[in-house]
Amino acid sequence: MDNSSKNGRVLIIGLDGASPDLVRKWQDTLPNLSRLMQEGSTGVLTSVVPPRSIPAWYCFATGMNPAKLGVFGFSQRRPSTYDYTFANFSFCQAPPFWHWLNQQELNTGIIHLPGTYPPRPIQGFMVSGWPGPLNRGNLVFTYPAVLSREIDSFLQRPFELVSPKSIQLDNDTEMLAERLRILKMHGDTACHLLQREAWQVAVVVLSPLDRASHQFWRHMDSDHPQHDPVLAKQHGTALQQVYEASDNQIGRLLNLLREDDWVFIVSDHGFGPIYRTFYINEWLRQEGYLVLKEGRQIGQASSLHKWLGKLSAPLFWLNQRSALFRKIADPFKKRALSNLARDAYVQAMQEGLVRLNHLPVDWTRTRAYSPDESSLYLNLVGRDPQGIVPQGETAVKLLTEIEQKLRQIKDPITGEPISVQIHRKEAVYSGPFLAGAPELIINMDDFHTEVMAELGKGYLFDHAPLRSGNHTPEGILIAAGPDMAPGQNIDANLIDIAPTVLHLLGLAIPEAMDGQVCLDLFTPDSAVRQREIKYDSSQYQARQSEEFTEEEAAQIEKQLRDLGYLN
């Protein structure tokens with residue numbers, strides 16, 4: 001290692017969902033971001049395919065594509081089943097870049113990086129990011145574990161990984177205050193730890209921009225189909241206020257830096273408007289690729305399910321609020337009746353708009369399905385438990401047929417074709433977990449149409465979706481510090497940040513990383529630019545995955561539903 005790089009520290013500030021277009025639009029009211037853009041380089045940071053927070057933040061942390069990690073979305077299949085849990089940090093089968101820093105005795109601090117629950121041992125400290133279980137004052141969400149209660153004590157309340165309140169069409173005022181509250185809580189925690197602990201590299205992720213963009217986009221976008229001029233007078237500046245508050249937190253973090261420190265501002269994806277929702281599983285059902293048992297009517301929970309769901313509601317209410325009830329009920333949570341009650345409760349509460357793991361799919365007749373947004377799997381022989389589609393030529397032919405039909409879909413209101421962007425997994429992924437990737441990754445209308453995995457209420461489209469903003473691939477990159485060229489426009493990929501930081505600190509790049517070192521960020525005569533890029537052929541071992549418990553998974557499902565990731 002080049003010891004000359006040990007003096008300067010590296011701070012990476014993640015702005016979940018920050019849009020480079022909006023940063024430029026509002027830069028006069030974002031003094032800290034504006035100053036960094038003038039002093040350093042800025043550009044578009046292209047996300048992964050599809051641009052979802054999970055696995056995007058894992059790809060950022062590892063410098064690798066999802067097929068080297070084994071994580072392709074929030075949903076994670078349980079082995080040898082069609083059932084799904086939710087991804088957590090233990091499912092990421094490649095080490096993050098701080099693993100290599102720690103091998104060189106460099107302390108790292110990771111604060112609220114999404115997907116980092118449960119926390120892993122680290123030389124330094126870690127505060128897990130969402131999704132994760134509720135912190136009722138006893139959750140271990142940090143490494144070392146003792147830090148959890150210290151943070152709760154510092155904040156004088158339990159640290160919250162994410163707001164417990166849900167996005168709704170009529171709670172904009174409440175949720176603006178909620179976004180700002182969580183943003184301050186995370187900023188306070190980050191400033192406290194970065195001042196108290198020793199670190200060489202730190203990652204701090206501020207997430208409320210993502211949630212605010214989902215909810216408030218329609219108010220500031222006069223071209224949005226759901227834009228209401230009356231509501232815009234009340235909430236038209238809501239999203240900008242969250243950008244300005246995020247910029248203020250960035251300023252607090254920048255005040256902790258020294259002259260020889262570097263700073264990176266990154267986002268896992270960008271944002272744009274949502275005009276409509278397309279229900280891919282409903283389309284697959286109507287086209288005959290997905291079949292339910294016993295002719296179940298989509299969107300109509302049976303009388304038994306409605307009855308059982310209503311009877312179960314008080315139990316779920318108690319489970320959220322009573323530690324004693326959770327302790328008594330815990331032995332029963334994995335039994336068949338408990339699972340039936342959970343499925344009935346979800347169907348009753350969501351009025352039938354649910355995912356496949358809550359529905360009786362006839363896998364002996366199902367050829368294609370979607371467990372997660374934007375993804376399509378074939379029910380393959382040899383991979384899926386009851387696979388019926390032979391791998392090889394038959395599967396390729398079926399994919400071609402499905403692609404052709406998807407490209408013929410029209411907007412039911414205008415009658416106009418909807419543009420469809422389809423990626424086959426082999427074109428965008430490579431690695432040992434490629435077999436577990438979706439066969440197709442589907443985007444529609446340049447992300448103006450969100451592709452959701454729920455079975456709808458008998459229709460394919462919702463033209464008034466809950467969320468008005470959607471993820472896009474174009475995130476933001478700003479980099480400033482010693483020997484970084486000022487005023488440059490530099491585009492890069494999200495997976496480039498990890499190898500760039502390692503090279504900046506004089507470390508070798510693991511050969512398994514897919515990202516490239518962004519040498520153009522640095523001046524031509526700088527030591528970083530002149531230094532040879534070294535590579536490390538060391539191998540790493542896959543780790544044992546640890547599923548969320550049934551109760552934790554239920555909490556995660558609620559968080560994702562509250563944010564609109566599950567309709």
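The values are calculated or read from the model by the stated rules, or taken from the named source; none is laboratory data. Everything numeric here is computed off the predicted structure, so don't read it as measured data. Cβ placement follows ideal geometry from the backbone for every residue including glycine, while neighbour counts extend to all protein chains displayed.
Take Pro131 and decide whether it is in contact (Cβ under 8 Å) with a residue 24 or more places away in the chain, surrounded by fewer than 23 Cβ atoms within 10 Å (Cβ to Cβ) and part of a loop (DSSP other than H, G, I, E, B). No; evaluated as a whole, the condition is false for this residue.
Looking at Lys405, is it modelled with pLDDT of 95 or more, under 20 Å from the mean Cα position of the chain (by Cα) and of a type outside the set (A, V, I, L, M)? Here the answer is no, as Lys405 does not meet what is asked.
The one condition from (1) buried (at least 23 other Cβ atoms within 10 Å of the Cβ); (2) within 30 Å of Gln168 (Cα to Cα); (3) outside the structural domain of Leu406 (by TED's automatic domain parsing) that Phe548 does not meet is (1). Taken across segment 442-460, residues that are out of contact with any Ser or Thr (no Cβ under 9 Å at 6 or more places or on another chain) and in the same structural domain as Ala94 (by TED's automatic domain parsing) do not occur at all.
Name the residues in segment 58-86 that are over 20 Å from Ala553 (Cα atoms) and either within 12 Å of the chain's Cα centre (by Cα) or not charged (D, E, K, R) (or both), would you? Cys59, Phe60, Ala61, Thr62, Gly63, Met64, Asn65, Pro66, Ala67, Leu69, listed by residue number. Among strands (runs of 3 or more DSSP E) entirely within segment 434-537, having at least 2 residues that are out of contact with any Pro (no Cβ under 7 Å at 6 or more places or on another chain) and under 24 Å from Leu22 (Cβ atoms) singles out 449-452, 474-480. The set of residues from segment 52-71 being closer than 22 Å to Gly272 by Cα and either of a type in the set (Phe, Trp, Tyr) or crowded, with 24+ Cβ neighbours inside 10 Å (or both) comprises Ser53, Ile54, Pro55, Ala56, Trp57, Cys59, Phe60.
Residues in segment 219-240 that are assigned to a loop (DSSP other than H, G, I, E, B) and more than 17 Å from Ala177 (Cβ to Cβ): 8 in all. Among residues of segment 455-472 that are farther than 20 Å from Asn171 by Cβ, those with a Cβ under 7 angstrom from a residue that is among the polar types (S, T, N, Q) and at pLDDT 90 or above, sequence gap 6+ or separate chain, pair up as Leu455/Asn281; Phe461/Thr277. Out of Pro371, Pro385, one residue alone is crowded, with 20+ Cβ neighbours inside 10 Å and either part of a strand (DSSP E or B) or not basic (Lys, Arg) (or both). It is Pro371. Screening His423 against (1) part of a helix (DSSP H, G or I); (2) over 30 Å from Ser34 (Cβ atoms) leaves a single unmet condition, (1). Among the residues examined, Asn489 does not qualify as crowded, with 16+ Cβ neighbours inside 10 Å and in contact with a Ser or Thr (Cβ under 9 Å, 6 or more places away or on another chain).
Checking every residue in segment 143-156 against the condition of being over 21 Å from Leu239 (Cβ atoms), in contact with a Ser or Thr (Cβ under 6 Å, 6 or more places away or on another chain), part of a loop (DSSP other than H, G, I, E, B) and touching a residue at least 12 places away in the same chain (Cβ under 8 Å) gives zero matches.
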